[in-house]
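Remarks on the structure that follows.
The values are calculated or read from the model by the stated rules, or taken from the named source; none is laboratory data. Keep in mind that this is a model prediction, so the values were computed, not measured. No Cβ is skipped: glycine too gets one built from the backbone with ideal geometry, and neighbour counts run over all protein chains shown. Side chains are part of the model used for accessible areas, which takes the heavy atoms of the whole protein and leaves out ligands, DNA and RNA. Shrake-Rupley method; radii C 1.70, N 1.55, O 1.52, S 1.80 Å.
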Amino acid sequence: MSSARDRILGKIRSNLGRTTAPDAAAASSSRLAALGDETSPRPVWDDDDLSRFLRCFEAAAATWARVDTVADTGDAVATYLADKPAGNTVHLAPHPLLDDVSWPNTLTTARATHGREALVGVSVAELGVAETGSLVLFSGADTPTTLNFLPDYHIVLLRMDAVVPHFEDVWARMRERGGFPPRSFNFITGPSRTADVEQTLQLGAHGPRSLHLILVAARD
């Protein structure tokens, strides 16, 4: 006796003119091909990808600063926090890139495997998407997802050469990495917000109230 699931899928296949289920390997290959389809319509813009990314990033109520090297990030973070009621402790993702940061004496750093105790969290983005000004953060041991959403102030490092034009390019870069994909991808476009109450925009509704990018120009 066939299960309800088999009967439902059978009806779907019948309506599609198929008599058998698709081969799993063929279906997987088809999905990957679709993700890399260069013929799908995509938005275009007149300026360069980095300029487009930063323009969209600012439009989403986020802020950014440029530094020459990863080591300069500490001073940039201190400058950003100088007028914020955020204290002087920053919780860092256990990412190896953050080991190269020179932190000023005015800040205290703590390693964080989650963000529950953090008012200020510092993460590393894998990519930036020029199409929407979004940051792409992969989950993993050195990039805890909770640090992206629990602190009030979220600070993110991104290398300037890691900005890609479109979302499709994210999947292409992911395939180039090899191995298994991360458990989750987080596309972050600006700080948390809602306009549910009287259509009045409120930042920090269900996540960070502030998103600040440190854009690193040089590859050390």
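Against the numbered list (1) closer than 21 Å to GLU58 by Cβ; (2) outside any helix (DSSP H, G or I); (3) in contact with an Asp or Glu (Cβ under 9 Å, 6 or more places away or on another chain), VAL156 comes up short only at (3). Could you tell me which numbered condition SER40 fails, if it satisfies all but one of (1) closer than 25 Å to ALA172 by Cα; (2) at pLDDT 95 or above? Unmet condition: (2). Those strands (runs of 3 or more DSSP E) of region 51-146 in which at least 2 residues are within 30 Å of HIS166 (Cα to Cα) and open to solvent by 60 Å² or more (accessible area, probe 1.4 Å), considering only elements entirely within it, cover 63-67. Residues in region 70-98 that are among the β-branched types (Val, Ile, Thr) and either touching a Ser or Thr at 6+ places or on another chain (Cβ under 6 Å) or without any contact (Cβ under 8 Å) to a residue 24 or more places away in the chain (or both): THR79, THR89, VAL90. Every condition in (1) surrounded by 18 or more Cβ atoms within 10 Å (Cβ to Cβ); (2) modelled with pLDDT of 85 or more holds for PHE185 except the one numbered (1).
Might you let me know whether region 53-70 holds any residue that is touching an Asp or Glu at 6+ places or on another chain (Cβ under 7 Å) and either at pLDDT 95 or above or in the same structural domain as ARG173 (by TED's automatic domain parsing) (or both)? Within region 53-70 (the criterion being touching an Asp or Glu at 6+ places or on another chain (Cβ under 7 Å) and either at pLDDT 95 or above or in the same structural domain as ARG173 (by TED's automatic domain parsing) (or both)), the answer is yes, since at least one residue qualifies. The residues of region 1-13 that are modelled with pLDDT of 60 or more and open to solvent by 80 Å² or more (accessible area, probe 1.4 Å), listed by number, are ARG5, ARG7, ILE8, LYS11, ILE12. Can you confirm whether ALA25 is in a helix (DSSP H, G or I) and at pLDDT 75 or above? Against the criterion (in a helix (DSSP H, G or I) and at pLDDT 75 or above), ALA25 does not qualify.
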